[in-house]
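Q: First the structure, which I've put down as structure tokens, then a few questions once you've had a look.
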Amino acid sequence: MAKLTPFTRAFAAAVLGLLWSGAAPAAGDDLATLKAELEALKSDYNNRVQALEQRIKALENVANAAPTAPGAPPLTAAPAAAPGPPAFPEAAPPAPPPTAAGKSSNATAFNPAISMIITGNYNDLSLDPATYRIAGFMPPPEGEGPGDRSFNLGESELTVSANVDPYFFANVTAAIQGDNSIDVEEAYFKTLALNHGFTLKGGRFFSGTGYLNEVHSHNWDFVDQPLVYQAFFAGQLAQDGVQLRWLAPTDYFIELGAEAGSGRSFPGTQRNSNALGSTALFAHMGGDIGDSTSWRVGVSWLQAHSSDRAYQDTDQSGTPVTDAFSGTTRTWIVDGTLKWAPHGDPTHHQLKLQGEYMHRTDDGQLAFDVTGLNLAGPYSSSSQSGWYLQAVYEFIQRWRAGLRYDSMNSGTPSIGLVSTGVLPAAAFPALLPGTPRRTTVMVDWSLSEFSRLRAQYAWDEARAGHELDRQLFLQYIFAIGAHGAHKF
Amino acid sequence: MLRNLRLSIAGALLALLTALPAHAALKVLATTPDWASLLSELGGDKVNVYTATSPFQDVHRVDAKPSLVARARSADLVVATGADLEIGWLPVLLQDSGNTKIQPGNAGYFEAAPLVHLLEVPSAVDRSMGDIHPLGNPHVTLDPRNIATIAKALAARLAQVDAANAAYYAARSDDFQKRWAAATAKWESDAAPLRGVPVVVIHRDQVYLCNWLGLKELAAIEPKPGVPPSAGYLGELVTKLSATPPKIILRNAYNDPKAAEWLAERIHVPVVLLPYTVGGTPEAKDLFSLFDDTIKRLLAGAK
């Protein structure tokens, strides 16, 4: 046998040590562990024999059974539970561990969980949606507002997810849009084995800031997002980056999180820079009050950098121009959610109260008419804020009614080009101070956990001068495929 | 300033971590009161059990509440029914827990249903059939023979995750199995008159009870699993059941009483309220009294 070098010996010892520590969960308990494993093996064997016996018995019973009473429902279907107000499947959960013994191998056995959500609406809008603006707030490039008039195909959301191995879970959600484009909404991996309350997520994912930001559109309680989400995050903030969460080892729910991303999603932009474009911190806390009420509160902070973030406006004579902002946006969010159901059972009645307050500041440069005059000067928003408060109540099984109020305040920005007299304030009509507001009512009906029909009516006064837009929405949401699990 | 902030956050975290009590009893998260009761039979004071749901909750329809995520974080063992019963919320708890021990496939994750023979395994699944479970009917607890099987495996699992107390669990398990076998024999002899008694159920969650006691299930008030009955369907049911009347209508503590009472009035048959799970009635204090009470109520109703 070859002589071992000291290095090889040390390496072998280390490997052996690792193997040893892996094999023995607690030093000194080897015997007990072995005993327990033997016991488990024995019990597993007994169980299998018993299961086989029962199966034989059941087969005999079936063979001897008289036909069921006339009119009795067929015995093939197994029940679950009465559907309450469905929360539609979120990311489909990882597959449960294999349980069925004695099945032959099958190439499709490891197929991931696949689910598809289809949505669509009919919109009746009293004002032209092309003129929609949340007054006083720089619009996101993606646009904002209630969508088009008449029938609209909403997004068809395809989610594919599974555990990768014992260490990672992966999930992809692609939204096929009504205009035939495809958005990668989320495509992320998540660790399962970091332990000690840590979870690392990476890829593209909805940011953990705020409450509603992580909720997929088919799970919203209203057809559209609150105004403040539309103005501050162009609907939803998706990070391309990483997120680390830590859950405190306490009986109360305390969760801390941090995110670092490229900042490609509004209010940031993709930049030609290796630096972080977006950073976020958040903390969540939650618990129960008695057996009927549960709550969660959170506070979040987000900083995003943007470079030449363009938006459409008109100049003082009404000619369309493209302006652009480059700089830093800092946002604070405070959120709170409370759910009440008799004995915590939401099958027949449930009340959900939810509200968020956001505050942000922009600091940087504002360029006027980037394709023409291209004048630039410093820009800083004063403090801009917005909030919404909503209540949704399931008044009878499967029927829910909701009320939401939105309010925003743009403050008066300081525009260098205006204060130095280069341009009049009227050259930036999109930035003239505004106090958008909206009141929304909603009723929805869920025939099962997997289908929902909704009617919504809104008095929208987001435009300058509180010009009233009456908006009626009729919406359908259907979920097919894997039964997903959903967050609080 | 940022440096100070970081320092103070780190300090706070350290303080939190060190303030934790030294490792005491095994922390177990049970999805239902039945498993909690079984755990205290088998684990005694060596386990510290938190029950995720109350007897008046439909276990299929529970939120992944923050309080449950927090409990999953520090659990050494999760005891679930499985067969998709908790599919709407348990996967979220496990994933968000940051706790490797309780991930499916590890010793800290225990599922009961796969250990027993499941009834009503559908040969084909389609959601037009209602909310069916592809793996079979998950409501396995109301057959004491299932409990005996599950208890054996659970005791072995306790010994595996808490090897230091393996002998303790083994002794309690032996004692439990003896008492359980005796109790089962008594329930079976007490319930002999129930054999062949025709019943109507609300939701097909009494299937294992009916199968064990030989109750004859004539119909379910839900036309399809998870689908509430329409007025038309109830009308048809009245016509059918007037011809072949059941002796009793079974209702679980967590079911809405309305449809059962409506039907009971029309066909002049009593509704029997059953605890379904530990705590469902004041008498059902643990697994033993759950079956005592269930059989007592059935016998009283079927008189």
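Each value in this text was obtained by applying a stated rule to the coordinates, not by laboratory testing. From a predicted model like this one, the values you see are computed outputs, not experimental measurements. Backbone-built Cβ (ideal geometry, glycine too); neighbour counts: all protein chains shown.
Q: Using alpha carbons only, what's the Rg to Rh ratio of segment B:191-302 with Rh from Kirkwood?
A: That ratio is 0.95, to two decimals.
Q: Still on this structure, please answer the following. Round to the nearest 10 and give me the degree value, 0 to 90, for the angle of helix B:33-43's Cα axis relative to the longest principal axis of chain B.
A: Approximately 60 degrees, to the nearest 10.
Q: Right, next: Specify the angular offset, from 0 to 90 degrees and rounded to the nearest 10, of the alpha carbon long axis of helix B:287-302 from the longest principal axis of the alpha carbons in chain B.
A: Between the helix axis and the principal axis of chain B, the angle is about 10 degrees.
Q: Summing Lys, Arg as +1 and Asp, Glu as -1, what charge do residues with Cβ under 14 Å from the Cβ of A:ALA170 carry, A:ALA170 excluded?
A: Working: positive: A:LYS190, A:LYS201, A:ARG204; negative: A:ASP165, A:GLU186.
In short, +1.
Q: So for segment B:191-302, averaging the separation of alpha carbon pairs under 8 Å that are six or more residues apart and normalising by length, what relative contact order in percent results?
A: Contact order relative to length: 23 percent.
Q: Can you give the Rg to Rh ratio for segment B:14-184, taking only C-alpha atoms and Rh from Kirkwood?
A: 0.98
Q: Now for a different question. What net charge is computed for the residues neighbouring B:PRO66, neighbours being all others with C-beta under 15 Å from the C-beta of B:PRO66, Lys and Arg scored +1, Asp and Glu -1? Before the final figure, lay out the partial values.
A: Details: positive: A:ARG245, A:ARG296, A:LYS339, A:LYS352, A:LYS487, B:LYS65, B:ARG71, B:ARG73; negative: A:GLU214, A:ASP251, A:GLU255, A:ASP288, A:ASP291, A:ASP335, B:ASP63, B:ASP96.
That sum, taken over residues with Cβ under 15 Å, equals 0.
Q: In bins 20 Å wide, starting from 0, what share of all Cα pairs of chain B does each bin hold, as a percent?
A: So the P(r) values, bin by bin, are 30, 52, 15, 3, 0.
Q: Right, here's the next one. Just the Cα atoms of segment A:124-189: what Rg and Dmax do they give in Å?
A: Computed over the Cα atoms of segment A:124-189, radius of gyration and Dmax are 17.1, 54 Å.
Q: Relative to the first principal axis of the alpha-carbon coordinates of chain B, what is the inclination of helix B:166-190, with its axis defined by its Cα atoms, in degrees from 0 to 90 and to the nearest 10?
A: Taking the Cα atoms of chain B, the angle to B:166-190 is about 10 degrees.
Q: Report, as an integer, the average count of C-beta atoms from other chains found within 10 Å of each Cβ along B:251-259. If you can, show how the numbers build up before the last one.
A: Numbers: counts 0, 0, 1, 5, 3, 5, 0, 2, 0.
Per-residue shielding by partner chains comes out at 2.
Q: At q = 0.06, 0.15 Å⁻¹, work out log10 I(q)/I(0) for segment A:113-481 with the Debye formula, treating every Cα as an identical point scatterer and leaving solvent out; two decimals please.
A: Reported log10 I(q)/I(0), two decimals: -0.24, -1.52.
Q: Helix-derived [θ] at 222 nm for chain B: sum -39500 (n - 2.57) over DSSP H runs of at least 4, divide by residue count, nearest 500?
A: Value at 222 nm, helices only: -14000 deg cm²/dmol.
Q: A further question on this structure: Please compute the net charge surrounding B:ASN48, taking Lys and Arg as +1 and Asp and Glu as -1 over other residues with Cβ under 13 Å from its Cβ.
A: -1
Q: OK, next. Among DSSP beta bridges whose residues both lie in chain B, state the antiparallel percentage, nearest 5.
A: Values: 1 of 22 bridges.
Of the beta bridges lying entirely in chain B, close to 5 percent run antiparallel.
Q: Listing B:ILE102, A:ILE396, B:ILE221 from the residue with the fewest other Cβ atoms within 10 Å to the one with the most, what is the order?
A: Ordered from fewest to most neighbouring Cβ atoms within 10 Å, B:ILE102, A:ILE396, B:ILE221 come out as A:ILE396, B:ILE221, B:ILE102.
Q: Something else now. What shape does segment A:245-342 have by the C-alpha gyration tensor, where a ≥ b ≥ c are the square roots of the eigenvalues, rounded means a/c under 1.5, and otherwise prolate means a/b greater than b/c and oblate the rest?
A: Details: a/c = 5.08, a/b = 2.03, b/c = 2.50.
It is oblate, given that a/c is not under 1.5 and a/b is not larger than b/c.
Q: Let me ask you something else. Beyond 28 Å between alpha-carbons counts as too far, so tell me which of B:LYS27/B:LYS152; A:LYS339/B:LYS101; A:LYS487/B:LYS101; A:LYS352/B:LYS258; B:LYS65/B:LYS178; B:LYS46/B:LYS178 fall in that bin.
A: Going by Cα-Cα distance, A:LYS339/B:LYS101; B:LYS65/B:LYS178 fall outside the 28 Å limit.
Q: Aspartates and glutamates near B:LYS240 by alpha-carbon distance under 20 Å, same-chain residues fewer than 8 away left out - which ones?
A: List returned: B:GLU217, B:GLU222, B:GLU261, B:GLU265.
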